1. Which condition number in (1) more than 24 Å from residue 119 (Cα to Cα); (2) loosely packed, with under 10 Cβ neighbours inside 10 Å is the one that residue 27 fails?
2. Within the stretch 31-53, take every residue that is part of a loop (DSSP other than H, G, I, E, B) and out of contact with any strand residue (DSSP E or B) (no Cβ under 8 Å at 6 or more places or on another chain) and give me the one that is modelled with the lowest pLDDT.
3. Taking the stretch 83-97 as the search range and keeping residues that are loosely packed, with under 14 Cβ neighbours inside 10 Å and assigned to a helix (DSSP H, G or I), which one is nearest to the chain's Cα centre (by Cα)?
4. Residue 100 fails exactly one of the following numbered conditions: (1) modelled with pLDDT under 85; (2) exposed (fewer than 13 other Cβ atoms within 10 Å of the Cβ); (3) within 16 Å of the chain's Cα centre (by Cα); (4) part of a helix (DSSP H, G or I). What is the number of that condition?
5. Can you give me the number of residues within the stretch 126-148 that are part of a loop (DSSP other than H, G, I, E, B) and either touching a residue at least 12 places away in the same chain (Cβ under 8 Å) or buried (at least 18 other Cβ atoms within 10 Å of the Cβ) (or both)?
6. Taking the stretch 115-125 as the search range and keeping residues that are assigned to a helix (DSSP H, G or I) and surrounded by 12 or more Cβ atoms within 10 Å (Cβ to Cβ), which one is modelled with the lowest pLDDT?
7. Does the stretch 149-159 hold any residues that are within 25 Å of the chain's Cα centre (by Cα) and either farther than 19 Å from residue 96 by Cβ or without any contact (Cβ under 8 Å) to a residue 60 or more places away in the chain (or both), and which are they?
8. Somewhere in the stretch 47-57, is a residue touching a helix residue (DSSP H, G or I) at 6+ places or on another chain (Cβ under 6 Å) and more than 30 Å from residue 156 (Cβ to Cβ)?
């Protein structure tokens, strides 16, 4: 994720000589970040906003590098790319299973908790790592329950 634009949304002079500032930063995924603060009257507010965006982008890059290193520099898939590794029939079966797993009498309480944890993880992420244990566990569980055919987990999780 990166900040692609920064602007001063408002700059309101205060009685004590400072300025109440709100910066608006736009992320490349469409998200917005508002940053309110008090500035000295002689500050170049746009330069402050630009420097903040530079620092935030550097922190994003540092975290992405840490994640890449932790994942052995694996290139992650988008949710769409990961989903496309399954056939249409498998996608439908997985969607149906994910929507009804809580009422499934075959699953143990622990399995249901693991599924919920994985679903929450994938709902909040934009990148799917094939070597992440949650990904491996979820795909192999789909195979063990017959939602995808025997041998398909290895195919879905392959890096080729």
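The values are calculated or read from the model by the stated rules, or taken from the named source; none is laboratory data. Keep in mind the model is a prediction, meaning the values are calculated, not measured. Cβ placement follows ideal geometry from the backbone for every residue including glycine, while neighbour counts extend to all protein chains displayed.
1. Every listed condition holds for residue 27 apart from (2).
2. Per the stated criteria, the residue is 31.
3. That would be 95.
4. The single condition residue 100 does not satisfy is (3).
5. Number satisfying all stated conditions: 8.
6. So, considering only residues that are assigned to a helix (DSSP H, G or I) and surrounded by 12 or more Cβ atoms within 10 Å (Cβ to Cβ), the one modelled with the lowest pLDDT is 121.
7. 153, 154, 155, 157, 158, 159
8. No, there is no match, as no residue in the stretch 47-57 is touching a helix residue (DSSP H, G or I) at 6+ places or on another chain (Cβ under 6 Å) and more than 30 Å from residue 156 (Cβ to Cβ).
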